[in-house]
Amino acid sequence: MADLRLATINTAAITHNVETLRALVAPVQVMAVVKANGYGHGAIESARAALAGGADWLGVADLTEAFAVRGAGIDAPLLAWLHQPGAAFGEAVRANIDLGVSSTEQLHEVAATSDTAFVHLKVDTGLHRNGAFLEEWHQFFEAAVVHELAGRIRVRGLWSHLANAGAEHDADQIEQFSAAVAMAESVGLRPELRHLAASEGAIKHPSARFDLVRVGISSYGLSPADDVDAAALGLVPALTLSAPVVSVKRVTAGSGVSYGYAYRCEQDTTLALVPLGYGDGVPRHASNRGPVSINGVVGRVAGRVAMDQIVVDMGDANVAVGDRAVLFGDPSQSVPTADDWAAAADTINYEIVTRIGSRVTRRYES
Ligand SMILES: Cc1ncc(COP(=O)(O)O)c(C=O)c1O
């Protein structure tokens with residue numbers, strides 16, 4: 001039976017994107033970020049595809065995600081960085097998962113596990129999410145030295161995250177990070193991996209690359225920012241979201257469509273019903289705007305996005321039940337993009353792909 005709701009993921013595109021990013025930043029190492037189910041693409045399949053493209057590291061947010069990677073038999077270097085007190089640090093260390101550590105308190109907790117923990121000390125250089133605050137750096141680094149000398153931890157990395165708040169702020173953060181590196185070295189730490197940049201910083205600022213860059217969105221072929229042209233960099237979107245048309249109706253001018261009649265047909269038109277809705281991650285904010293391609297003709301969502309379905313105004317185009325409706329994919333195939341949907345919903349491409357729901361079948365092609 002054909003899938004009703006389908007995300008087709010081209011794993012070769014992920015492999016190619018990682019190869020492309022590696023070439024761009026060489027000799028700097030690349031961490032492929034596969035958190036949040038690989039930005040909706042599937043964490044395990046994305047991880048494997050990224051490793052085939054030469055990713056040196058994998059990155060995830062939390063330990064549940066990290067254990068899933070290890071549970072799939074992937075033994076590549078792996079970093080997880082978002083933890084609550086009492087997280088399963090001991091189990092993580094035994095599973096050879098490196099831990100991002102964001103405070104002296106957390107460092108003590110990680111150091112208390114029975115085996116030597118490999119840690120990446122995180123400093124806050126201005127994003128003001130996690131990471132040790134400037135005033136805490138010295139104490140944080142000194143505590144790390146004590147634990148390292150006692151064999152409880154090994155400081156493999158020192159890292160931070162950019163706010164991508166503009167070139168001037170990026171430069172400030174790069175400077176702050178360099179100061180943190182110098183301070184860490186002055187107290188005797190020798191982290192072999194200093195890392196700061198995610199996709200945007202890695203692409204825009206060679207001076208932000210240090211020893212490793214952590215790439216998420218760009219490895220899936222999408223742009224991290226409006227002023228980065230992913231296609232010009234040779235990146236290929238990996239995911240296509242589609243469904244078959246399940247009903248076609250010819251209606252007269254003035255007909256209202258979907259809840260609240262937020263849409264009235266301007267002329268006699270053909271409406272195609274597509275079984276993807278906000279239950280599948282299609283943003284309701286894209287009501288009356290989201291683009292959908294059927295047989296090479298792009299129509300717009302007519303009326304409100306519902307939980308399970310959208311109606312697409314196809315004008316006088318030829319549409320039949322069973323035709324494939326593509327919401328977004330690779331623009332070289334003349335279909336709308338995740339960026340088009342982001343614009344329609346006033347959000348970012350990250351959210352468009354990451355929110356694709358669990359009812360949508362992921363099919364992997366290479
Ligand atoms: C700490 C950290 N590093 C790297 C990334 C990857 O970012 P991007 O998808 O912009 O490359 C993220 C994603 O949000 C992150 O939280």
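Bear in mind that the values in this text are calculations on the coordinates, not laboratory data. Here the structure is a predicted model, which means the values were calculated and not measured. We place every Cβ from the backbone using ideal geometry, glycine too, and count neighbours over all the protein chains shown.
So the values come out like this:
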quantity: Spherically averaged projected area in nm², based on the convex hull that wraps the Cα atoms of the chain; calculated: 19.2 nm²
quantity: Between helix 11-25 and the chain: long-axis angle, C-alpha atoms, 0 to 90°, nearest 10; calculated: 50 degrees
quantity: Residue-by-residue Karplus 3J(HN,Hα) for the range 212-220, coefficients 6.51, -1.76, 1.60, Hz, glycine and proline x; calculated: 7, 10, 10, 10, x, 3, 5, 6, 8
quantity: Top positive-direction residue, dipole computed over the chain with Cβ charges, set ALA2, GLY216, TYR261; calculated: ALA2
quantity: Using alpha-carbon coordinates, inclination of helix 137-149 to the longest axis of the chain, degrees; calculated: 70 degrees
quantity: Förster radius 51 Å - calculated FRET efficiency between TYR259 and ALA52, Cβ distance, rounded to 0.05; calculated: 0.70
quantity: Backbone N under 11 Å from the ARG324 label point (7 Å along Cα→Cβ), restricted to the range 233-257; calculated: 240-244
quantity: Amide hydrogen neighbours beyond the local backbone of ALA132, cut-off 5 Å, H modeled; calculated: LYS122, VAL123, ASP124
quantity: Along principal axes, Cα extents of the range 11-220, largest first, whole Å; calculated: 45, 41, 26
quantity: C-alpha long axis of helix 43-52 to longest principal axis of the chain, angle in °; calculated: 70 degrees
quantity: Positive-end residue, the range 21-172 charge dipole about Cα centroid, Cβ charges, pick of GLY86, VAL25, VAL123; calculated: VAL25
quantity: Neighbour-limited loop hits for trypsin sites (Lys or Arg not before Pro), the range 106-175 (at most 15 other Cβ within 10 Å; DSSP other than H, G, I, E, B); calculated: ARG129
quantity: Under the Karplus curve 6.51 cos²θ - 1.76 cosθ + 1.60, θ = phi - 60°, whole-Hz ³J(HN,Hα) for the range 350-364, x wherever Gly or Pro sits; calculated: 3, 5, 4, 7, 5, 8, 4, x, 6, 6, 7, 6, 8, 10, 9
quantity: Table column - 3J(HN,Hα) (Hz), the range 168-175, Karplus curve with 6.51, -1.76, 1.60, x for Gly and Pro; calculated: 5, 5, 4, 4, 4, 5, 4, 5
quantity: Between the range 205-248 and the range 339-366, the Cα center-to-center distance that results, in Å; calculated: 12 Å
quantity: FRET efficiency estimate (nearest 0.05) - Cβ-Cβ, ALA72 to GLU175, R0 51 angstrom; calculated: 0.80
quantity: Rh (Kirkwood; distinct C-alpha pairs) - the range 260-342, Å; calculated: 12.7 Å
quantity: Radius 15 Å from Cβ of SER207, net charge of other residues (Lys, Arg +1; Asp, Glu -1); calculated: -3
